[in-house]
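Before any comments, here is the structure.
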Amino acid sequence: KLPMFGCTDPSQVLTEISNATKSFPNAYIRLVAFDNVRQVQVSSFLVHRPSSARDFRAPEERSV
């Protein structure tokens, strides 16, 4: 099912995120969005972080 080229229904994306989270609970899951006209990546972010992850730090604890 992935990549979801031509997807116009946000509920399809949320369903796929939910399915991926259930199938891979101990994995990082990233959503990547592309502009189909310019054919470039326009957005990318984590939608699931495993509960066992120890690499998360609060924003005030990070150095940029």
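Every number in this text was worked out from the coordinates using simple rules, so none of it is lab data. Note that the coordinates shown come from a computational prediction; the quantities given were computed from them, not determined experimentally.
If I take every Cα pair under 8 Å that is 6 or more residues apart in segment 10-52, average their sequence separation and divide by the length, what percent do I get for the relative contact order?
Relative contact order, segment 10-52: 36 percent.
Between the Cα long axis of helix 10-23 and the first principal axis of the chain there is an angle of about 50°, rounded to the nearest 10.
At 222 nm, what helix-only mean residue ellipticity would the chain give, in deg cm²/dmol to the nearest 500, using -39500 (n - 2.57) for each DSSP H run of four or more? Intermediate values should be presented prior to the final figure.
Values: 1 runs with 14 residues, N = 64.
Helix contribution divided over all residues of the chain: -7000 deg cm²/dmol.
Note on the chain: percent of Cα-Cα distances in each 10 Å bin, starting at 0 and stopping at the bin with the largest distance, equals 17, 42, 28, 13.
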